[in-house]
Each structure stands twice: as C-alpha cells, then as structure tokens.
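The values are calculated or read from the model by the stated rules, or taken from the named source; none is laboratory data. Computed from a prediction, not measured in an experiment: that's the story for all the values here. When we count neighbours, we look across all protein chains shown, and the Cβ atoms used for this are built from the backbone with ideal geometry, even at glycine.
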Amino acid sequence: MCFLNAHYANQACANPAYRRALAQADLVLADGSGLALAGLILKNPVRENLNGTDLIPWLFKELPSQRVKVYLLGARPGVAEKAARCLRGIHPKIEIAGWHHGYFPEDQTQEILARIALHKVDVLLAAMGAPKQELWLAEHLPETGAGLGLAVGGLFDFLAG
Ligand code: UDP
C-alpha cells in the first residue's frame, strides 16, 4: 500500500519502474490537494485525501487487540528505533520485531530480507522516500513474508520528532 501526491505522480510519469510498482500495489491512496484537483479535472474524483503521517497512527490505534508484529525499515540511523518507541506508545500491543535504517548498500539487501523473514512480521513499514520504498516493496515484499507492506515516506522522522 502506498501514497501518491502530485510530486510523486510527476515522477511516475518519467519513471516506468515506479509506475509498475504503483500499478502492482493493492492500494494507492491520494495524498494532497494536487491529486484532488486532478481528480476533479479528469472527472474521476478521489474519495479521500490521505497521507501516511495521518493515516498510519490512526490505523495502528484501530488495530484489533491481538498482537501485530511490525518491522521498521528506513530513515537515518537511530530514527526508526525512536519511531518504534512512539508506535508502541500509540498501541501497546504492537510488537516491534526490529528496525533497520534506510541507507544500506545493495549487497546488504539479502541479509535484511532474511532478518525480516526470520521474525515472521505482519506489517513492514518502508520509509525510504518515493520511489525507492515503492520499488523496494514491489521487488522484495514477497521475500519478507510480511502480510502488508506500507510505503510511508517521512513517517519515522515525524514520529521520532
Ligand atoms: N530515506 C532512506 N533512504 C534513502 C533515502 C531516504 O531511508 O536512501 C529516508 C529519509 O531519511 C526520510 C525518508 O526516507 O526519513 C523520506 O522522507 P521524505 O519526507 O523525503 O519522504 P516523503 O514523505 O516526501 O516521501
């Protein structure tokens, strides 16, 4: 699941791999007034204007009471850990399976995938900016075994303060 704002839509026009990743997503949510305006012009209005920093904390609050295992991937070193603490505060039943910063070299990908898969996570939050996070999820989500992959942009920075 990912978000699309006017800037990302422009990027997607010039980046076929990003377009394919968006097309592959189960849900692309419209973020910002640019997309709302485009929807009106194209006579295909968007139903809601949503962004990750609003939706994700709400989503976690609404989770059922059973434990949900979450892995945080992205942002600068140290930030995901702080964001994890904040998410636990929002919903104490969240089990943080782990985290990793988003500036790892390509040759560490397999190691990170193995780590996520080992924890059998339910939700993978990918916060590496667009389109990197969408491309990463499109390529690797099945290997992680996570039931849900969310591309969340600057959410960890926001949560970490
Ligand atoms: N980021 C990352 N790896 C990268 C590039 C960016 O983890 O190679 C992180 C960056 O530190 C920030 C997030 O991705 O936490 C992107 O934030 P931004 O606000 O730019 O994203 P947006 O919400 O606009 O997609």
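Note on segment 1-14: residues that are touching a residue at least 60 places away in the same chain (Cβ under 8 Å), of a type in the set (A, V, I, L, M) and assigned to a helix (DSSP H, G or I) total 1. Only strands (runs of 3 or more DSSP E) whose full extent lies in segment 15-100 are considered here, and the ones with at least 3 residues that are within 15 Å of the ligand (Cβ to nearest atom) are 28-30, 68-74.
Examine segment 33-54 for a residue that is over 16 Å from Glu134 (Cβ atoms), among the hydroxyl-bearing types (Ser, Thr, Tyr) and touching a residue at least 60 places away in the same chain (Cβ under 8 Å), and state whether such a residue exists. Yes: one or more hits. Determine whether Leu141 is more than 9 Å from the ligand (Cβ to nearest atom), surrounded by 17 or more Cβ atoms within 10 Å (Cβ to Cβ) and assigned to a helix (DSSP H, G or I). Taking the combined requirement at face value, the residue satisfies it. Taking the criterion of being touching a Leu at 6+ places or on another chain (Cβ under 8 Å) and either at pLDDT below 95 or part of a helix (DSSP H, G or I) (or both), the only residue of segment 124-135 that qualifies is Glu134. Taken over segment 63-80, the criterion of being within 16 Å of the chain's Cα centre (by Cα) and not hydrophobic (A, V, I, L, M, F, W, C) is satisfied by Lys69, Tyr71, Gly74, Arg76. Of the residues making up segment 144-161, just one is free of Cβ contacts under 8 Å to residues at least 40 places away in the same chain and either near the ligand (Cβ under 10 Å from one of its atoms) or on the phi > 0 side of the Ramachandran plot (or both), namely Gly145.
Residue count for segment 127-138 under the criterion of being more than 9 Å from the ligand (Cβ to nearest atom) and hydrophobic (A, V, I, L, M, F, W, C): the result is 4.
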